[in-house]
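Only one structure is covered here, and it is reproduced in the block below.
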Amino acid sequence: MEPVDTGVTDAEPHDDGTPREDAPVADEAAPPTLGQVLLAVEELWPESLAESWDEVGLVAGRPTAPVTRVMFAVDPTLEVIEEAVEWGAELLITHHPLLLRGVTSVAATTAKGKAIHRLIESGTALLTVHTNGDSAVGGVSDVLADALGLEGVAPLTLASNGLPEEGIGRVGDLADVMSLGDFAARVFGILPSVAGGVRVSGDKDGLVRRIAVCGGAGDSLFNEVRASNADVFVTADLRHHPASEAREAAVNGRPYLIDVSHFASEWLWLPAAASALGNVLTDQGHDVEIQVSSTNSDPWDFILTPG
Ligand SMILES: [Zn+2]
């Protein structure tokens, strides 16, 4: 009878205690399964923190498949998926959901169907970490607040299923008072470069210290921003009416508004998320390469401004 291969070799250490070269090291660098990566993701960005309207979690993929490379991106666009496939990622983690609303077909004749086909045919899993990634500690707005140098940071709205540190948006204070113009320059400086730049509403010389932020579209949060006594609200996708009404309701001109690119405001989270997931997987003894997508998926390409 053939002996059963247990994968363990009979390796005695050298006399000086160092392991022999053929000593078993398999467990040390074993790639995790997708299912194991999902558990690490759940530890960092629990699905219970997602908003009720949201769709987060695994979109495509087999939990038993091994994962050696993970790519993070904001959007599951075809260009991003191609980048992940070409790099050899078995898992693409995006902030935005590919499938948020119901579909009746994923035929490859549609954009979303093409995405699904490319993912499955290449063996690339897709995972969404959306509002759970916004709400969690170390989430999108936390990273934004941190990059802006805010202190004493707290959520703008508490997560219904979370800790007091978890929720949507953040508010905190700058170490020193600065002008709105200088603060806007700081915002511009920390974000990836995009066509739309940064738009500001308010007195350039007005002094600011207390800052509210919401990565992504935050114009549903004006009541919370006002209640937080913020001097400035930094968010994305500010539409005319909410922005105009907020300016009309401002007290002493505050809160001033800083409107940034949706993509840029959420992109900042990617390197932080990649490093957090890498740490959890390393602690669990897994060896996974993690990279942030280099695709700019901001939909805008150029802008015309007076002068
Ligand atoms: Zn978003």
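Residues of region 239-262 include none that is touching a helix residue (DSSP H, G or I) at 6+ places or on another chain (Cβ under 8 Å), in a helix (DSSP H, G or I) and at pLDDT 95 or above. Among the residues of region 99-137, the ones that are within 13 Å of the ligand (Cβ to nearest atom) and more than 14 Å from the chain's Cα centre (by Cα) come to 1 in all. Of the residues in region 208-219, not one is among the hydrophobic types (A, V, I, L, M, F, W, C) and not in a strand (DSSP E or B).
On inspection, residue 239 fails the criterion of being among the charged types (D, E, K, R) and in contact with a strand residue (DSSP E or B) (Cβ under 7 Å, 6 or more places away or on another chain).
Screening region 219-236 for residues that are surrounded by 15 or more Cβ atoms within 10 Å (Cβ to Cβ) and farther than 21 Å from residue 185 by Cβ and picking the one that is farthest from the ligand (Cβ to nearest atom) gives 226. Checked against the criterion of being in contact with an Asp or Glu (Cβ under 9 Å, 6 or more places away or on another chain) and surrounded by fewer than 16 Cβ atoms within 10 Å (Cβ to Cβ), the candidates 66, 97 yield just one match: 66. Inside region 200-216, residues that are loosely packed, with under 15 Cβ neighbours inside 10 Å and over 18 Å from residue 172 (Cα atoms) make up a count of 2. For region 241-287, a residue qualifies if it is surrounded by fewer than 19 Cβ atoms within 10 Å (Cβ to Cβ), outside the structural domain of residue 95 (by TED's automatic domain parsing) and hydroxyl-bearing (Ser, Thr, Tyr), and exactly one does: 244.
State whether the residues of region 143-151 include one that is farther than 17 Å from residue 263 by Cα, within 16 Å of the ligand (Cβ to nearest atom) and not assigned by TED's automatic domain parsing to the domain that holds residue 33. No, the conditions are met nowhere in region 143-151.
The values are calculated or read from the model by the stated rules, or taken from the named source; none is laboratory data. Not measured: the values here are computed from a predicted model. No Cβ is skipped: glycine too gets one built from the backbone with ideal geometry, and neighbour counts run over all protein chains shown.
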